[in-house]
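Encoded as structure tokens, the structure appears first; notes follow it.
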Amino acid sequence: PEATPLLETRGLSAGYGQSLVLRDVDLAVGPGQVAVVLGANGAGKTTLMRSLAGLLPFSGDLLVDGQKVGAVRPDRMVGRGISLVPQGRGTMSALSVHDNLRAGAVSRRDKAGVEEDVDRWFTTFPRLAERRDQAAGTLSGGEQQMLAIARALMSRPRLLLCDEISLGLAPRIVQELFETIAQINVEMGTALLLVEQNAALAMKVASYVYLLEVGEVVQHGDAREFEQSDSIRRVYLGY
Ligand code: ATP
């Protein structure tokens, strides 16, 4: 039998006021899995991530470890091991790098463990270590994205939701970020759900793919099989 997915949606719909953006989305991410949602600008990727993170109301079912999650409560999602790296990074620009990392651990009571994790992510992201006392707002775009990822990891998530971490960054930096999160997945078993416009890049790390078009999942399947299909490559992946 299949293992219970870490995160699953069944018929999830969401939107803003009268306008429905996501329609009947079914997806599942297993423990340690790397899944990617690909979709054009405006397909509803950010809306999906915000719903999954408990930041936006939805209809349909959202399940964690097979149990339904009801109310919109981001702290509860974090408590269940699901942490979001928001689009636009969302770091607190007036706070230092170090304090931003600590803020990512507000749900934890093990102070010693928190500082150990700060050190761990400073080792993973040496550029953040060099700037630990600098205000986050003074960092470059790439450094802020590193900080957003490290901050989300400070809650020790089992699943990291990454909303377009490649956006607006130089290709070399993006490459580095993807290598780092792939390494975190392998070494720590942290599952990843990535939403990306950059299909070629996301396909390199993904094992499972969902194609989102105007709010609906139009195809999903094994990443390697998708890459072998010329028509899917041409139409959806664009390479
Ligand atoms: P992008 O790559 O631009 O972030 P996306 O696939 O993430 O695109 P969403 O940001 O989820 O798409 O937006 C999907 C649709 O919802 C768009 O038509 C957008 O205009 C609309 N939308 C997004 N945020 C809001 C909001 N706060 N209020 C009203 N409509 C919104």
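The values are calculated or read from the model by the stated rules, or taken from the named source; none is laboratory data. Small disclaimer: the values here were computed from a predicted structure and weren't measured. Here Cβ is always computed from backbone atoms with ideal geometry, including for glycine, and neighbour counts include all displayed protein chains. Side chains are part of the model used for accessible areas, which takes the heavy atoms of the whole protein and leaves out ligands, DNA and RNA. Shrake-Rupley method; radii C 1.70, N 1.55, O 1.52, S 1.80 Å.
Would you please classify the overall shape of region 94-134 from the alpha carbon gyration tensor, given that a ≥ b ≥ c denote the square roots of the eigenvalues, rounded means a/c under 1.5, and beyond that prolate means a/b larger than b/c while oblate covers the rest?
Working: a/c = 2.76, a/b = 1.36, b/c = 2.03.
In terms of gyration-tensor shape, oblate.
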(request) Out of all DSSP beta bridges with both ends in the chain, state the antiparallel percent to the nearest 5. (result) 55
(message) At 1.4 Å probe size, with the rest of the protein present, what percent of the exposed accessible area of the chain is carbon and sulfur atoms?
(response) 49
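Which net charge results when you count Lys and Arg as +1 and Asp and Glu as -1 among the other residues whose beta-carbon is under 9 Å from that of R156? All intermediate terms of the calculation are to be shown ahead of the outcome.
Values: positive: R108, R158; negative: D117.
Taking every Cβ under 9 Å from that of R156, the sum is +1.
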(message) Could you give each residue of region 179-190 its phi-based ³J(HN,Hα) in whole Hz, using Karplus coefficients 6.51, -1.76, 1.60 with θ = phi - 60°, and x for Gly or Pro?
(response) 4, 5, 5, 5, 5, 5, 4, 5, 6, 10, x, 5
(request) Have a look at A152, A170, A53 and tell me which one the Gaussian network model of the chain (Cα, springs below 10 Å) gives the largest fluctuation. (result) A170
(request) Quick one: net charge around S13, please, counting Lys, Arg +1 and Asp, Glu -1 for every other residue with C-beta under 14 Å from its C-beta. (result) -1
(message) What does the net charge come to around F178 if you take all other residues with beta carbon closer than 10 Å to its beta carbon, with K and R at +1 and D and E at -1?
(response) -2
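Can you show me the helix-derived [θ] at 222 nm for the chain, built from DSSP H runs with n ≥ 4 at -39,500 (n - 2.57) apiece and divided by the number of residues, rounded to the nearest 500. Kindly include the intermediate steps, with their values, before the conclusion.
Numbers: 9 runs with 84 residues, N = 239.
Using -39500 (n - 2.57) per qualifying helix, the result is -10000 deg cm²/dmol.
At 1.4 Å probe size, with every protein chain present, just tell me what the per residue accessible area of the chain comes to in Å².
Details: 11180 Å² over 239 residues.
Result: 47 Å² of accessible area for each residue.
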(message) Which of rounded, prolate or oblate describes region 1-101 when judged by the alpha-carbon gyration tensor and an a/c cut-off of 1.5?
(response) oblate
